[in-house]
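Everything on this sheet refers to the single structure shown next.
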Amino acid sequence: MDAQFLDLLAQKYDSEEKVVTEIINLEAISNLPKGTEHFVSDLHGEFQAFQHVLRNGSGKVKEKINDLFREILTEKEISELATLVYYPEEKLQLIKGTFTNKRSLHQWYRQTIEQMLKLISYASSKYTRSKLRKALPSRFVYIIEELLYKTADINNKESYYEAIYQQIISLGQADKLIIGLAYTTQQLVVDHLHVVGDIYDRGPEPDRIMDTLIHYHSLDIQWGNHDVLWIGAYAGSMVCLANIIRICARYDNLDIIEDVYGINLRPLLNLAERYYDDNPAFRPKVQPHTTMTEQELLQITKIHQAIAMIQFKLEMPIIKRRPYFNMSERLLLEKINYDKNEITLDGKTYPLDNTCFATVNPQQPEQLLEEEEQVIEKLLFSVQHSEKLARHMKFLMKKGSLYLRYNGNLLIHGCIPLDEEGNMEEMRIEDKTYSGRKLLDVFESYLRYAFAHPEETDDLATDMVWYLWSGERSSLFGKRAMTTFERYFIKDKETHKEKKNPYYHLREHEETCRRILEEFDLDPDHGHIINGHTPVKEINGESPIKANGKMIVIDGGFSKAYQSTTGIAGYTLLYNSFGMQLVAHKKFNSKEDVLHNGTDVLSVKRLVDKELERKKVSETNVGENLLKKISVLKSLMEYRYMD
Ligand SMILES: O=P(O)(O)OC[C@H]1O[C@](O)(COP(=O)(O)O)[C@@H](O)[C@@H]1O
Ligand SMILES: [Mn+2]
């Protein structure tokens, strides 16, 4: 090893003891059981449901409480304690309201703090003390450690511990301590979170999901097609921008654009008022108990049309300047007979309904009106100057990637484009051809370039972000074409179908999954592909575990809009030192329901894979780094301190 490097390192480890201590410490950590990984996907703005899954660790918190207190507490008490751990602030208020005198409240505090300490001690048993310390509420670290590490001479110290409890309570610190302990517990049951894509669109609060993730202790993100669409908008792609606004209008979520991210929609509204009217195809999907007035509904319907038409126009020059996108079939505005109000697709002519082509010049349908151009430019300016959006998008870039190899598994939102024979499908970009892992790496490098150059709006990198959203060889889209236009304007449902990449039926076979794992340099005997993106229709008997357990699809649909087709409310996956467990979640009603009735949408578990021997940290990605560090420290030891 390089002497200069070792000299430099010796400045940090400047004594034999320091090196030895660190080696022993790292060795010890790598022999601990691996931490629990938690996989979620397709959150689609459903912050409340996501938060619940995060706070209960997909059932892990309850499981630990059950392990410890099954014999001592009633089912109701267990459920109360679990709810206290999930939502400590609110639950505390509710519980405190039930006490009529101070004495019984203090008794409850005393007993609850002790129970929570037991829980923490149990949940942290596979971690080092130092890791636990980092997870503890900082203001109480000293006190908690005193109480946690009671020594054997407990009899002599009984009154000492009792005094600590009593002081915490009488000094009015019990609430703060309980809240802190609850969050520590949540953090301890899950060591690392993977978000396998699609945080944005359809649901109402993607921004709150982002804020939660920004504060989460350890995570990575595999971008979904919807996330990339938002990244594209921020990175200067006007067509991506038109899409995100269109989807927000369609799902009655324009508040996210206007109020949350502070993007001024006034110019778009003015344009919409001028050219559009009511139109049944463009009314937003609204919640059953909406308080929206007729006038608001009409306004959104108009905005929806205005931005959809801008989107359709903006797609055309991109398709023309990038022939290798192979999207000429999607030059739809050129395939319309404007006099007869019909369109010819694939040789078949269809009547058009609910059209809104007032701004389209049939001779040059891709041309934006000057007003439209101004509107989209203003929107882009506003998007690129939203401080909050910048923060969220930068975080997505920092923690995200198109795919991730983690602890032997491949995590990917959409697909690996395949042909019918199961070969990696090729795509030509300019004068080079790519497939499989290389293709995904190229996609990612374009995306990163586009993000780093938001001022470039028509370059290949920016166009490529839109391709990732809707192109046939995109690993995120995974379908032949996006039939948005057809769904708005053509009745015949045949035209609405989006043909899937062969990947989606081939992934049922173990052989396909093994080939993909090999393509990504992963061990096909031990690895799994963890996939999001396509809702698993449990209602129709579809299984999320495919290909002999090699393929696990965890999109059960947090998205309320899709729950009637899936029959459940999402899958999540847990992977701890004993193996993998798939958790199916029932519909999440509301936080209030959990708080008042303890209805903890209980989850059914299916064992996916059971490790024969408990997996240790040394066998993980983190462990690999630890082992490298140990080896460097051993070199330093020889170089500096051994004769
Ligand atoms: O149901 P909606 O909102 O019309 O969206 C349909 C569109 O969403 C997509 O399914 C993509 O979204 P997902 O990634 O959630 O599947 C497109 O393929 C399709 O055109
Ligand atoms: Mn998706």
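The values are calculated or read from the model by the stated rules, or taken from the named source; none is laboratory data. Small disclaimer: the values here were computed from a predicted structure and weren't measured. Every residue, glycine among them, receives a Cβ derived from its backbone with ideal geometry; neighbour counts consider all protein chains shown. These area figures cover heavy atoms from the full protein model, side chains too; ligands, DNA and RNA do not enter into them. Shrake-Rupley method; radii C 1.70, N 1.55, O 1.52, S 1.80 Å.
Here are a few things to note about the model shown:
- Accessible surface of the chain, 1.4 Å probe, proportion on carbon and sulfur as whole %: 48 percent
- Nearest-ten-degree value, helix 3-12 long axis tilted from longest Cα axis of the chain: 60 degrees
- Placing unit charges on each Cβ (+1 for Lys and Arg, -1 for Asp and Glu) gives the stretch 225-489 a dipole about its Cα centre, and among TRP466, LEU297, VAL239 the Cα reaching farthest toward its positive end belongs to TRP466.
- Set against the 2.2 N^0.38 Å expectation for a compact globular protein, the stretch 416-512 has a Cα radius of gyration ratio of 1.22.
- Distance from the C-alpha centroid of the stretch 39-112 to that of the stretch 251-299: 39 Å, rounded to the whole angstrom.
- Of the GluC sites (Glu not before Pro) in the stretch 348-422, the ones in a loop by DSSP (not H, G, I, E or B) with at most 12 other beta carbons within 10 Å are GLU420, GLU421.
- Length available on full extension from LYS18 to LYS586: 0.36 nm per residue minus the Cα-Cα distance, which gives 199.3 nm.
- Pairwise Cα separations in the stretch 521-566 fall into 5 Å bins from 0 onward with the following percentages, short to long: 6, 21, 26, 20, 12, 8, 5, 2.
- Pairwise Cα separations in the stretch 470-543 fall into 5 Å bins from 0 onward with the following percentages, short to long: 3, 13, 17, 19, 19, 13, 6, 5, 3, 1.
- A crude spin-label estimate for the pair LEU345 and ASP67, with each label 7 Å from Cα along the Cβ direction, gives 5.3 nm.
- Measuring r between the beta carbons of ASP593 and TYR122 and using R0 = 30 Å, the FRET efficiency lands at 0.60.
- The long axis of helix 370-384 is offset from the longest Cα principal axis of the chain by roughly 10 degrees.
- DSSP bridge pairs, the chain: antiparallel proportion in percent, nearest 5: 70 percent
- For the peptides 260-268, 8-16, 581-589, 194-202, the ranking by packing is 194-202, 581-589, 260-268, 8-16, with the highest mean count of neighbouring Cβ atoms within 10 Å listed first.
- In this structure GLU80 has an accessible area near 60 Å², from a 1.4 Å probe over the protein heavy atoms.
- Counting only Cβ charges, +1 for Lys and Arg and -1 for Asp and Glu, the dipole size of the stretch 410-508 around its Cα centre is about 500 debye.
- For the stretch 225-489: rounded, prolate or oblate by the Cα gyration tensor [a/c cutoff 1.5]: oblate
- Net charge in the neighbourhood of LYS388 (other residues with Cβ under 10 Å of its Cβ; Lys, Arg +1, Asp, Glu -1) is -2.
- Once the 1.4 Å probe is applied to the protein heavy atoms, the chain comes out at 45 Å² accessible per residue.
- The stretch 465-588: C-alpha gyration tensor shape, a/c 1.5 cut-off, then a/b vs b/c: oblate
- The residue list ILE199, TYR575, LEU213 was ranked by how far each Cα lies along the charge dipole of the chain toward its positive end, using unit charges on Cβ atoms, and TYR575 comes out on top.
- Cα-based helix-to-principal-axis angle, 238-250 vs the chain, degrees rounded to 10: 80 degrees
- CD proxy at 222 nm, helix term only [per DSSP H run n ≥ 4: -39500 (n - 2.57); per residue of the chain; nearest 500]: -15000 deg cm²/dmol
- Dividing the Cα radius of gyration of the chain by 2.2 N^0.38 Å, with N the residue count, gives 1.09.
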